[in-house]
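**Student:** Submitted below is the structure of interest, expressed as structure tokens.
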Amino acid sequence: MAVGFAESELTCRPESSTRKEPRAFIVVHRNKIVSHPSQKKLEFSADELEGLGKLNLSAEAEEYHHMYLGHDPSGVAYFAIDIGYGYNGDEKFHLHDVRSLMTECTSRVAISRAGLAVAYARWHSRTKFCSRCGTKTMPHKRGTRRICDNGHTQYPRTDPVAIVVVEHPEGHSLLLGRSQKIVNKNMLTCLSGFVDFGETVQQAAAREVKEESGILVDRVEMICSQPWPLGRGGNHEIMIGCYAIATTTDIFMDPEEMDVVRWVHFRDIKRALQEETTEFQIPPGYALANSLLTWWVEKKSFKL
Ligand SMILES: [Zn+2]
């Protein structure tokens, strides 16, 4: 199954990094990606970065202010640079929200790298102080860690989220909904939520479905997973896609959390995937919900 943000083709091998090797930079500004409009590419060479001005490309900056993302298959070392809030921008350059890039950019590799860069930049900006002793932290190991004066290392965090395709007991529909936090009021998607302490992914999936919709489910299967750099609250998540069959059909929605929860028929989901319906929209191709819905429609096409 093809999933989004999983094709950066970057592997970490910092032990072999030297400043003599070719380097590429992904520039982040206020959680957006900076591109050069004439080339529409999201990556800069060291020479191209000069055009941005006021950027420190010294060895010291590389150690303390650049965020190492990994090496590509040809041996180019990739770094993210956060040019921060002090930079007022330059009209020569464009800023891209990563969500917008999902529809504007066709390269899954470029999108995955852009998501990784923003996720690292956000993690650094939110980890200025040590979670153990409260003192200030500094970037460490080329920005892949942070460390405080007392030697406590902070590692990038990934929050696990279960997202569930819940099938109607008769097999013709799925349970879809929209939380209060989703801005697009035409959107319908799979129910999801964080895995709590002490839970398996399957238990978390069943609990979230019950809390948000009142629907009970039978055995939960894990189907797939994908990294999601644009998680709620700005954190990096790992989305774990699950499949379950409901054992009840009457919906008792939690109005505090959800705008709507309803059963949606196979044919309507298929039309939404093909963008033929205006009644509701489903998440774009880079969201795991889209992959799960596509998987279910293909699976059911032989039976319905
Ligand atoms: Zn500390």
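**Student:** Taking the conditions exactly as written (out of contact with any Phe, Trp or Tyr (no Cβ under 9 Å at 6 or more places or on another chain) and outside the structural domain of GLY285 (by TED's automatic domain parsing)), does ASP149 satisfy them or not?
**Tutor:** yes
**Student:** Let me confirm something: among ARG219, ARG207, which residue is closer than 14 Å to ALA246 by Cα, loosely packed, with under 14 Cβ neighbours inside 10 Å and either more than 16 Å from the ligand (Cβ to nearest atom) or acidic (Asp, Glu) (or both)?
**Tutor:** Values: ARG207 fails: loosely packed, with under 14 Cβ neighbours inside 10 Å.
Sole residue among the options that is closer than 14 Å to ALA246 by Cα, loosely packed, with under 14 Cβ neighbours inside 10 Å and either more than 16 Å from the ligand (Cβ to nearest atom) or acidic (Asp, Glu) (or both): ARG219.
Let's see how each residue does on (1) in contact with a helix residue (DSSP H, G or I) (Cβ under 9 Å, 6 or more places away or on another chain); (2) among the charged types (D, E, K, R); (3) in contact (Cβ under 8 Å) with a residue 24 or more places away in the chain:
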{"residue": "SER173", "(1), (2), (3)": "yes, no, yes"}
{"residue": "GLU199", "(1), (2), (3)": "yes, yes, no"}
{"residue": "VAL209", "(1), (2), (3)": "no, no, yes"}
{"residue": "SER225", "(1), (2), (3)": "yes, no, yes"}
{"residue": "PRO255", "(1), (2), (3)": "no, no, no"}
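Here's the yes/no breakdown for (1) over 19 Å from the mean Cα position of the chain (by Cα); (2) not charged (D, E, K, R):
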residue	(1), (2)
PHE197	yes, yes
CYS242	no, yes
ILE245	yes, yes
HIS265	yes, yes
LYS270	yes, no
GLY285	no, yes
LEU288	no, yes
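**Student:** Go over the candidates GLY171, GLY134, GLY151 one by one and state the one that is closer than 25 Å to GLU275 by Cβ and surrounded by fewer than 16 Cβ atoms within 10 Å (Cβ to Cβ).
**Tutor:** GLY171
**Student:** Is there a residue being farther than 14 Å from GLY241 by Cα and of a type in the set (Val, Ile, Thr) anywhere in region 174-184?
**Tutor:** There is at least one residue in region 174-184 that is farther than 14 Å from GLY241 by Cα and of a type in the set (Val, Ile, Thr).
**Student:** Let me ask something additional. Restricting the search to region 247-287, which residues are under 25 Å from GLN226 (Cβ atoms) and among the basic types (Lys, Arg)?
**Tutor:** Passing the criteria: LYS270, ARG271.
**Student:** Scan region 213-227 and tell me whether some residue there is part of a strand (DSSP E or B), in contact with a Ser or Thr (Cβ under 9 Å, 6 or more places away or on another chain) and farther than 23 Å from GLU167 by Cβ.
**Tutor:** For region 213-227, residues part of a strand (DSSP E or B), in contact with a Ser or Thr (Cβ under 9 Å, 6 or more places away or on another chain) and farther than 23 Å from GLU167 by Cβ: present.
**Student:** In addition: Could you list, in sequence order, all residues of region 260-296 that are in contact with a Ser or Thr (Cβ under 7 Å, 6 or more places away or on another chain) and either in a helix (DSSP H, G or I) or closer than 22 Å to GLU212 by Cα (or both)?
**Tutor:** Our first condition is that a residue be in contact with a Ser or Thr (Cβ under 7 Å, 6 or more places away or on another chain); within region 260-296, this holds for 261, 263-266, 268, 271, 273, 282-284, 289.
VAL261, TRP263, VAL264, HIS265, PHE266, ASP268, ARG271, LEU273, ILE282, PRO283, ALA289, listed by residue number.
**Student:** Identify the single condition in (1) modelled with pLDDT under 90; (2) in the same structural domain as CYS12 (by TED's automatic domain parsing) that LYS141 does not satisfy, given that it satisfies every other one.
**Tutor:** For LYS141, the exception is condition (2).
**Student:** Something else: Quick check, is PRO169 in contact (Cβ under 8 Å) with a residue 60 or more places away in the chain and within 16 Å of the ligand (Cβ to nearest atom)?
**Tutor:** Considered against the rule, which asks whether it is in contact (Cβ under 8 Å) with a residue 60 or more places away in the chain and within 16 Å of the ligand (Cβ to nearest atom), PRO169 comes out as no.
**Student:** Here's a check for you: in region 154-166, which residue that is within 28 Å of ILE83 (Cβ to Cβ) and touching a residue at least 60 places away in the same chain (Cβ under 8 Å) is surrounded by the fewest Cβ atoms within 10 Å (Cβ to Cβ)? Please lay out each step first, then the result.
**Tutor:** Keep residues of region 154-166 that are within 28 Å of ILE83 (Cβ to Cβ), which gives 154-159.
Filter again for touching a residue at least 60 places away in the same chain (Cβ under 8 Å), leaving 156-159.
Numbers: PRO156: 17, ARG157: 13, THR158: 16, ASP159: 15.
Of everything passing the filter in region 154-166, ARG157 is surrounded by the fewest Cβ atoms within 10 Å (Cβ to Cβ).
**Student:** Kindly indicate whether VAL183 is in contact (Cβ under 8 Å) with a residue 40 or more places away in the chain, within 30 Å of PHE252 (Cβ to Cβ) and not aromatic (Phe, Trp, Tyr).
**Tutor:** Taking the combined requirement at face value, the residue does not satisfy it.
**Student:** Of all residues being among the charged types (D, E, K, R) and touching a residue at least 12 places away in the same chain (Cβ under 8 Å) in region 137-148, which is surrounded by the fewest Cβ atoms within 10 Å (Cβ to Cβ)? Just the residue, please.
**Tutor:** Only one residue fits best here, namely LYS141.
The values are calculated or read from the model by the stated rules, or taken from the named source; none is laboratory data. Just so it is clear, the structure is predicted and the values come from calculations on it, not from any experiment. Here the Cβ is made from the backbone with ideal geometry for all residues, glycine too, and neighbour counts use every protein chain on show.
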